[in-house]
């Protein structure tokens, strides 16, 4: 049982490049989330999807877009990467908004 | 506004000593509370959760936490720390139907042999 799988694990981008971070969960969860983790700031919510077909902004959505492709998959896209987007990105899922979240292993993104 | 405060950025304890990590939250309704642990280069693993009922909750790896509504706190405790407990610990708060888990800034635990 893989849980939440993120790809890639590491990525280096040049400023202005675009990329998509992929996330898939095999727990049949309804809700999925994208967080970024920066030193001393904890985890901050970028976007979330309460259920298949819906997406909503979190605390720090600027510069990002998301797609809930189906119940299993939730991708995060950076259209024009900036150095301020250098961070570790975590995808998570939960059965509902009333249960604990399960996290992937993270994607370490560096924008130069 | 919802928020979580972990006042201690770093804590150092000796192996075998007891541990308490502090967490204070601000939430307008009945909170759901969580403690997660993150080892270097890894994702977050759930240690324990509180939704309702008994205010003292038991988790994995010998951890426990106590919900105190009057103090808006959810402190994490362990009676005897092991070297493998060295990690970063995050407190988080959520609520029914909000879909937004708010995380504290984390407490990094160092364990001395």
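Kindly provide the set of residues from segment B:69-97 that are outside any strand (DSSP E or B) and either in contact (Cβ under 8 Å) with a residue 60 or more places away in the chain or in contact with a helix residue (DSSP H, G or I) (Cβ under 6 Å, 6 or more places away or on another chain) (or both), ordered by number.
Selection gives B:79, B:80, B:81, B:82, B:83, B:85, B:96.
Can you pull out the residues in segment A:76-105 that are away from chain B (no Cβ under 13 Å), surrounded by 18 or more Cβ atoms within 10 Å (Cβ to Cβ) and either within 26 Å of residue B:35 (Cα to Cα) or out of contact with any strand residue (DSSP E or B) (no Cβ under 9 Å at 6 or more places or on another chain) (or both)?
If the condition is that a residue be away from chain B (no Cβ under 13 Å), surrounded by 18 or more Cβ atoms within 10 Å (Cβ to Cβ) and either within 26 Å of residue B:35 (Cα to Cα) or out of contact with any strand residue (DSSP E or B) (no Cβ under 9 Å at 6 or more places or on another chain) (or both), then A:76, A:87 are the ones that fit.
Look at segment B:21-32 and say how many of its residues are surrounded by 13 or more Cβ atoms within 10 Å (Cβ to Cβ) and more than 10 Å from every other protein chain (Cβ to nearest Cβ). Spell out the reasoning first.
Here is the first cut: in segment B:21-32, the ones surrounded by 13 or more Cβ atoms within 10 Å (Cβ to Cβ) are B:21-27, B:31-32.
With the extra rule that they be more than 10 Å from every other protein chain (Cβ to nearest Cβ), the set shrinks to B:21-27, B:31.
Going through segment B:21-32 one residue at a time, the tally reaches 8.
Sort out which residues of segment A:55-64 are in a strand (DSSP E or B) and exposed (fewer than 14 other Cβ atoms within 10 Å of the Cβ), and write them in order of number.
A:56, A:57
Can you tell me which residue in segment B:99-113 is nearest to the chain's Cα centre (by Cα), limited to those that are surrounded by fewer than 19 Cβ atoms within 10 Å (Cβ to Cβ) and either free of Cβ contacts under 8 Å to residues at least 60 places away in the same chain or over 24 Å from residue A:94 (Cβ atoms) (or both)?
Looking at the filtered set, the residue picked out is B:108.
Within segment A:23-51, can you find the residues that are in contact with a strand residue (DSSP E or B) (Cβ under 6 Å, 6 or more places away or on another chain), more than 8 Å from chain B (Cβ to nearest Cβ) and assigned to a loop (DSSP other than H, G, I, E, B)?
Within segment A:23-51, A:29, A:38 qualify.
Test residue B:62 against the criterion of being touching a strand residue (DSSP E or B) at 6+ places or on another chain (Cβ under 8 Å), away from chain A (no Cβ under 11 Å) and either closer than 24 Å to residue A:4 by Cα or surrounded by fewer than 18 Cβ atoms within 10 Å (Cβ to Cβ) (or both), and give yes or no. Break it down stepwise before answering.
Working: touching a strand residue (DSSP E or B) at 6+ places or on another chain (Cβ under 8 Å): yes; away from chain A (no Cβ under 11 Å): yes; either closer than 24 Å to residue A:4 by Cα or surrounded by fewer than 18 Cβ atoms within 10 Å (Cβ to Cβ) (or both): yes.
Judged against the criteria, residue B:62 is a match.
Taking the options B:38, B:45, name whichever one is free of Cβ contacts under 8 Å to residues at least 40 places away in the same chain and either surrounded by 13 or more Cβ atoms within 10 Å (Cβ to Cβ) or farther than 16 Å from residue A:99 by Cβ (or both). Walk me through it before giving the result.
Numbers: B:38 fails: free of Cβ contacts under 8 Å to residues at least 40 places away in the same chain.
Just one listed residue meets the conditions, B:45.
What tally of residues in segment B:65-98 results from selecting those that are within 14 Å of another protein chain (Cβ to nearest Cβ) and surrounded by fewer than 17 Cβ atoms within 10 Å (Cβ to Cβ)?
2
For residue A:56, indicate whether it is within 9 Å of chain B (Cβ to nearest Cβ), out of contact with any helix residue (DSSP H, G or I) (no Cβ under 9 Å at 6 or more places or on another chain) and farther than 25 Å from residue B:9 by Cβ. Talk me through it step by step, then tell me what you get.
Details: within 9 Å of chain B (Cβ to nearest Cβ): yes; out of contact with any helix residue (DSSP H, G or I) (no Cβ under 9 Å at 6 or more places or on another chain): yes; farther than 25 Å from residue B:9 by Cβ: yes.
Spelling it out, residue A:56 is indeed within 9 Å of chain B (Cβ to nearest Cβ), out of contact with any helix residue (DSSP H, G or I) (no Cβ under 9 Å at 6 or more places or on another chain) and farther than 25 Å from residue B:9 by Cβ.
Residues of segment B:1-20 being within 14 Å of chain A (Cβ to nearest Cβ) and either under 17 Å from residue B:83 (Cβ atoms) or not in a strand (DSSP E or B) (or both), which ones? Working first, answer last.
Applying the first criterion (within 14 Å of chain A (Cβ to nearest Cβ)) to segment B:1-20 yields B:1-10.
Hits for segment B:1-20 are B:1, B:2, B:6, B:7, B:8, B:9, B:10.
Just give me the residues in segment A:24-43 being crowded, with 20+ Cβ neighbours inside 10 Å and within 18 Å of residue A:8 (Cα to Cα), in sequence order.
Correct list: A:24, A:25, A:32, A:33, A:34, A:35, A:36, A:37.
The numbers here are math on the coordinates, done by the rules we state, and not lab data. Just so it is clear, the model here is predicted, and its values are computed rather than measured. Quick reminder, even Gly has a Cβ in these numbers, built from the backbone with ideal geometry, and neighbours come from all protein chains shown.
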